[in-house]
Amino acid sequence: MDQAEALCRAILRADAGHLVALHLLAAVQTRLGRLLDALASTIAALEKEIEALKAEIDRLNGVISGSSDALQTLQEIYTNRVNSVSTIMRAANLPLLTKDRSHQCLPLMPT
């Protein structure tokens, strides 16, 4: 598990938004019993997914002019992801994220 965590962290040093590495890191941290770290990694992965979905919505907004159904579907997916992050954070009694992300540091469990 330690090697897997080190590999995930090496990938994230090169590409902080690498979704697979973030998800795998969360899984490794869960296995190691570091649940707050795992939650932070999961939230980071969800945030990256939300950013990607928002960018895709913006891109499609310019491409799709006559198909409001496709745009509406993407907007619903984006809203559901944002709601998922908020639900996770509320369940863990964590502050909701703000655009400036000034309080995004989460306490880490001792290892």
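Looking only at segment 43-52, count every residue that is within 8 Å of residue 22 (Cβ to Cβ) and not charged (D, E, K, R) and tell me the total. Step through it out loud before you land on a result.
Keep residues of segment 43-52 that are within 8 Å of residue 22 (Cβ to Cβ), which gives 44-45, 48.
Next, from what is left, pick out any that are not charged (D, E, K, R): 44-45.
Looking only at that region, the number is 2.
May I ask you to list the residues in segment 1-42 that are part of a helix (DSSP H, G or I), in contact (Cβ under 8 Å) with a residue 24 or more places away in the chain and touching a Lys or Arg at 6+ places or on another chain (Cβ under 8 Å)? Result: 19, 22.
Quick grid of which residues meet (1) at pLDDT 90 or above; (2) within 15 Å of residue 84 (Cβ to Cβ); (3) among the polar types (S, T, N, Q):
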position: 14; (1), (2), (3): yes, no, no
position: 17; (1), (2), (3): no, no, no
position: 27; (1), (2), (3): yes, no, no
position: 31; (1), (2), (3): yes, no, no
position: 39; (1), (2), (3): yes, yes, no
position: 45; (1), (2), (3): no, yes, no
position: 54; (1), (2), (3): no, yes, no
position: 58; (1), (2), (3): no, no, no
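Pairs meeting the criteria (first residue in segment 43-65 and surrounded by fewer than 12 Cβ atoms within 10 Å (Cβ to Cβ) and part of a helix (DSSP H, G or I), second residue among the hydrophobic types (A, V, I, L, M, F, W, C) and at pLDDT below 85, beta carbons under 6 Å, at least 6 apart or on different chains) are lacking.
The values are calculated or read from the model by the stated rules, or taken from the named source; none is laboratory data. Note that the coordinates shown come from a computational prediction; the quantities given were computed from them, not determined experimentally. Neighbour counts are summed over all protein chains in view; Cβ atoms, including those assigned to glycine, are modelled from backbone coordinates with ideal geometry.
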